[in-house]
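The values are calculated or read from the model by the stated rules, or taken from the named source; none is laboratory data. For clarity, every value in this text was computed on a predicted model and none was experimentally measured. So basically every Cβ, Gly included, is an ideal-geometry build from the backbone, and we count neighbours across all protein chains shown.
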Amino acid sequence: MSLDNIRIVLVNPIYGGNVGSTCRAMANMGISDLALVTPLNLNMDEARKMACHAVHILESRTEYLTLADAIANCGAVMGTTARDGLYRQHAKSPREWASKAVEVARTGKVAIIFGREDNGLSNEELALCTQVIQIPTTSDFKSLNIAQAVLICCYEIFMALGTYEPIIEKSPEAPSEVRERMFVMWRDTLLRIGFMKEDKADHMMQGVRRILSRGTLTIDDVKILMGIAKQAAWAAESKGKKVVEDIIEM
């Protein structure tokens, strides 16, 4: 699977919490290959705490003395930067590079490199990269927390892979005939409770229709709305007399 070929590389990370949070972000997106380049006295207790249920990624990490060693077997090497400059002008967003990462990862390793918390990647380190990533932000505050940047990049790669299947609404969209029966019920109820008068009913119902037609109405949605109309009509009767037939069987 191509996600196994995505390697997240942190250069000289300072804070254990950031490393742990990075592990959690990676796990959210199905990526597990973490490489650290000369970490600086990390608080591993803090890292484990922030990794939460992704401690396995933290414990299986690899550590290297140099960035060159960490990316030696990687075909595509994508470095992240928040700064502008002569050597960073060809930077693209994570979304623009995601399809490239997925393509290369189908047959080889891809490294996504993140720099130091205090000053990012140097020009010399960016020179080792085949692509440069810059996450779009407001110009007033471009710097992101490393784990946040990792999550954004991993998310874009995960989505570019095309394997995510969104939740499908179980209840089908209500057909026109069912919706119209609901509107008839609401018209009757709104008249009974005095919300509108007969001479204004058609005009008011156009507004009700507009409100209820702004999104998809499923059969389950219509059942609920008809139930509300039925109960409101029942409550409007002085002695609780049943005034509306049971909701249609659907």
Subset tally (residues that are more than 15 Å from Arg7 (Cβ to Cβ), in a loop (DSSP other than H, G, I, E, B) and of a type outside the set (S, T, N, Q)) for segment 78-106: 6
Candidate set from segment 127-145 (those that are in contact (Cβ under 8 Å) with a residue 40 or more places away in the chain and farther than 19 Å from Cys74 by Cβ); member that is surrounded by the most Cβ atoms within 10 Å (Cβ to Cβ): Gln134
Options Gly79, Gly115: the member that is touching a Cys at 6+ places or on another chain (Cβ under 6 Å) and either over 18 Å from Leu161 (Cα atoms) or surrounded by fewer than 14 Cβ atoms within 10 Å (Cβ to Cβ) (or both): Gly79
Among residues of segment 1-58, those that are in contact (Cβ under 8 Å) with a residue 60 or more places away in the chain and of a type in the set (Lys, Arg), counted: 2
Yes/no for Met182 being of a type outside the set (S, T, N, Q), farther than 30 Å from Gly20 by Cβ and surrounded by 14 or more Cβ atoms within 10 Å (Cβ to Cβ): yes
Among (1) under 17 Å from Ala160 (Cα atoms); (2) free of Cβ contacts under 8 Å to residues at least 12 places away in the same chain, the one test that Ala101 misses: (2)
Arg209 touching a residue at least 60 places away in the same chain (Cβ under 8 Å) and in a helix (DSSP H, G or I): no
Residue that is surrounded by 10 or more Cβ atoms within 10 Å (Cβ to Cβ) and outside any helix (DSSP H, G or I), where the choices are Thr163, Thr189: Thr163
Qualifying residue in segment 36-56 (condition: touching a strand residue (DSSP E or B) at 6+ places or on another chain (Cβ under 7 Å) and at pLDDT below 95): yes
Leading residue by the ranking (farthest from the chain's Cα centre (by Cα)) among those in segment 117-142 that are part of a loop (DSSP other than H, G, I, E, B) and of a type in the set (Asp, Glu): Asp118
Residue that is nearest to Asp118 (Cα to Cα) [pool: residues in segment 1-55 that are assigned to a helix (DSSP H, G or I) and of a type in the set (Asp, Glu)]: Glu46
Residue in segment 57-77 that is of a type in the set (A, V, I, L, M, F, W, C), modelled with pLDDT under 95, under 21 Å from Asn119 (Cα atoms) and in a loop (DSSP other than H, G, I, E, B) present: no
Residue match in segment 70-81 (condition: more than 23 Å from the chain's Cα centre (by Cα) and farther than 20 Å from Thr130 by Cβ): no
